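What follows is a set of notes on a single structure, which appears directly below.
The values are calculated or read from the model by the stated rules, or taken from the named source; none is laboratory data. If you're wondering where the values come from, they're calculated on a predicted model, not measured in any experiment. So basically every Cβ, Gly included, is an ideal-geometry build from the backbone, and we count neighbours across all protein chains shown.
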Amino acid sequence: MSGTFRTQSFGGAGLEPRRPLFSAMWRGAKGRCPNCGEGALFRAYAKSVDRCGHCGEEILHHRADDLPAYLNVFIVGHIVVAGFLLVERVTDWPGWAHLALWIPVTIIMALALIPPIKGAVIGLQWANRMHGFGGETDDVADPDIDPRQHG
């Protein structure tokens, strides 16, 4: 069964061709469409386009939500804390010197990493056919709840 996988779906056969996970995430991290790798993924700093200008893939229904921010804090926090501890271990800097170094480093790293991390998350969602990327809608958040009963 190489090349295909079974998806959970509320209708249809659910047998879909496999999408390349790592190349989709890499394309997204570079700010490119996870499908073709040609069109721009963002129209502004971290605002995704509604549709790829090259291949027409719809991007508007992605739900990156807070995951890019959590990953950003995790990555930047580990790098900055490790750097601070290393510098503190080998130097005898006063507190103001650490603040002068680590506050700008933290801000610059956090701002620089938001678009690539968000792009990689969008690529992950596209490759796994999440949140509408598989042609299905996310109308039902809980499959045990019948949407017809909750108007």
TODO: Among what's in region 24-77 and is without any contact (Cβ under 8 Å) to a residue 60 or more places away in the chain and of a type in the set (Phe, Trp, Tyr), pick the residue that is farthest from LEU124 (Cα to Cα).
DONE: PHE74
Task: Verdict on PHE10 being exposed (fewer than 14 other Cβ atoms within 10 Å of the Cβ), touching a Pro at 6+ places or on another chain (Cβ under 8 Å) and either modelled with pLDDT under 90 or more than 13 Å from GLY119 (Cβ to Cβ) (or both) - done: yes
Open item on the list: So TRP126 passes all but one of these: (1) surrounded by fewer than 16 Cβ atoms within 10 Å (Cβ to Cβ); (2) in a helix (DSSP H, G or I); (3) aromatic (Phe, Trp, Tyr). Which condition number does it fail?
Closed with: (1)
Task: Residue pairs meeting the criteria (Cβ under 6 Å; at least 6 apart or on separate chains; first exposed (fewer than 15 other Cβ atoms within 10 Å of the Cβ), in region 100-123; second assigned to a helix (DSSP H, G or I) and among the polar types (S, T, N, Q)) - done: none
Open item on the list: Looking for something of a type in the set (A, V, I, L, M, F, W, C), closer than 24 Å to THR106 by Cβ, at pLDDT 95 or above and outside any strand (DSSP E or B) - is there at least one such residue anywhere in region 50-70?
Closed with: yes
